[in-house]
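Asker: First the structure, then my questions, so here it is.
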């Protein structure tokens, strides 16, 4: 028996670093997918190959955190988390081909986790609901790989639908579809890859999370979601850096909800303004952008985009820009020319849409 299972990457339209603060986010799935080819067999080992490495990796089914690192840790983490959840895992061979760019903030790690998880579950016929699958994949990344990420990526991928975004409420763990089909409204979503790679498991992500936890403690609430949307309440936070981090979370939650409202009429101008406002908040309050990404956003907006923002965890990766289709080529040309003159790498620029979930 051979099992082929794939999962997409994701773009977060808006709602950055809100997941572990039990707030809101609005992601879509990408057309590009990570594909797993799995041949179950007997034995106590999974032999895994990827099209990006020459040598295979042998993963014992009894693997434990700390045993493997690098890309194979994401596969091993899923094996470990599945077994911890009481589900059987079969050995065999697995080949991975990636259509989701690594390090671009497009959730390549979660795409690999969800594709691996789907293939392993299919081999045993186990039925696991999508919320439980998301938690298994998150545990793999948090406890095996060591990246303190929230549930955004896994939920975005597992609940994806073509031409829909997913409004995720992380406090209640609910996912509601929101129509998102810019092409039918004469609008294009551009994905601009800066080619600057980041590292999810880096200390900066953990530092932002710790800062948010300190801010919540100063406010006497279990998470910043409980702080509501009254910015004046943040005056109780004595540390100025923690104050700014918390202000981003509160205002970002509000922006997510406002974008959802404007998408009901597909008001591209209003949505675009909120995207740009979100980027400024990530730049000034959360401090996770870079001068490279800031330049892309500024040029895209000056060239005619309704709005633009960095997407993903930060410190590199991609920018999204919402632009009238008739002006998309102008924005693309302006970004390419400016980055070339500034000495930055040639960006990858694609017109993207909301894609399908795993299967």
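The values are calculated or read from the model by the stated rules, or taken from the named source; none is laboratory data. Just so it is clear, the model here is predicted, and its values are computed rather than measured. Note: ideal-geometry Cβ built from the backbone for every residue, glycine included; neighbour counts use all protein chains shown.
Asker: So which of 38, 20, 74 ends up being within 26 Å of residue 130 (Cβ to Cβ) and modelled with pLDDT under 95?
Answerer: That would be 20, the only listed residue that is within 26 Å of residue 130 (Cβ to Cβ) and modelled with pLDDT under 95.
Asker: Do you know which residues across segment 174-188 are farther than 17 Å from residue 159 by Cα and either surrounded by fewer than 22 Cβ atoms within 10 Å (Cβ to Cβ) or at pLDDT below 95 (or both)?
Answerer: Those that are farther than 17 Å from residue 159 by Cα and either surrounded by fewer than 22 Cβ atoms within 10 Å (Cβ to Cβ) or at pLDDT below 95 (or both): 183, 184, 185, 186, 187.
Asker: Does residue 106 qualify as being closer than 15 Å to residue 48 by Cβ and either at pLDDT 95 or above or assigned by TED's automatic domain parsing to the domain that holds residue 50 (or both)?
Answerer: Criteria not met by residue 106.
Asker: Something else: Restricting to segment 1-27, name every residue that is under 24 Å from residue 208 (Cα atoms) and part of a strand (DSSP E or B).
Answerer: Correct list: 9, 10, 11, 12, 13, 14, 24, 25, 26, 27.
Asker: Going through 246, 235 one at a time, which residue ends up being free of Cβ contacts under 8 Å to residues at least 60 places away in the same chain and over 22 Å from residue 169 (Cα atoms)?
Answerer: Within the list 246, 235, the selection yields 235.
Asker: Residue by residue through segment 54-80, note down the ones that are assigned to a strand (DSSP E or B) and either closer than 14 Å to residue 96 by Cβ or touching a helix residue (DSSP H, G or I) at 6+ places or on another chain (Cβ under 8 Å) (or both).
Answerer: Answer for segment 54-80, where residues must be assigned to a strand (DSSP E or B) and either closer than 14 Å to residue 96 by Cβ or touching a helix residue (DSSP H, G or I) at 6+ places or on another chain (Cβ under 8 Å) (or both): 57, 59.
Asker: Given the conditions (1) closer than 20 Å to residue 149 by Cα; (2) buried (at least 23 other Cβ atoms within 10 Å of the Cβ); (3) under 23 Å from the mean Cα position of the chain (by Cα), which single one is not true for residue 305?
Answerer: With (1) closer than 20 Å to residue 149 by Cα; (2) buried (at least 23 other Cβ atoms within 10 Å of the Cβ); (3) under 23 Å from the mean Cα position of the chain (by Cα) applied to residue 305, the lone miss is (1).
Asker: I would also like to ask the following. I'd like the full set of residues that are out of contact with any helix residue (DSSP H, G or I) (no Cβ under 9 Å at 6 or more places or on another chain) and closer than 15 Å to residue 291 by Cα, limited to segment 306-341.
Answerer: 311, 340, 341
Asker: Let me ask something else. Looking for whichever is in contact with a helix residue (DSSP H, G or I) (Cβ under 8 Å, 6 or more places away or on another chain), in contact (Cβ under 8 Å) with a residue 40 or more places away in the chain and surrounded by fewer than 20 Cβ atoms within 10 Å (Cβ to Cβ) here; the options are 171, 214. Which one fits?
Answerer: One residue alone meets the criteria, 171.
Asker: Condition first: more than 21 Å from residue 3 (Cβ to Cβ) and in a loop (DSSP other than H, G, I, E, B). Can you find one or more residues in segment 33-49 that meet it?
Answerer: no
Asker: Here is a follow-up. Criterion first (crowded, with 16+ Cβ neighbours inside 10 Å and either in the same structural domain as residue 205 (by TED's automatic domain parsing) or in contact with a strand residue (DSSP E or B) (Cβ under 7 Å, 6 or more places away or on another chain) (or both)) does residue 91 satisfy it?
Answerer: Answer is yes for this residue.
Asker: Moving to a separate point now. Go through (1) touching a strand residue (DSSP E or B) at 6+ places or on another chain (Cβ under 9 Å); (2) under 23 Å from residue 286 (Cβ atoms) one by one and return the number of the condition residue 219 breaks.
Answerer: Answer for residue 219: the failing condition is (1).
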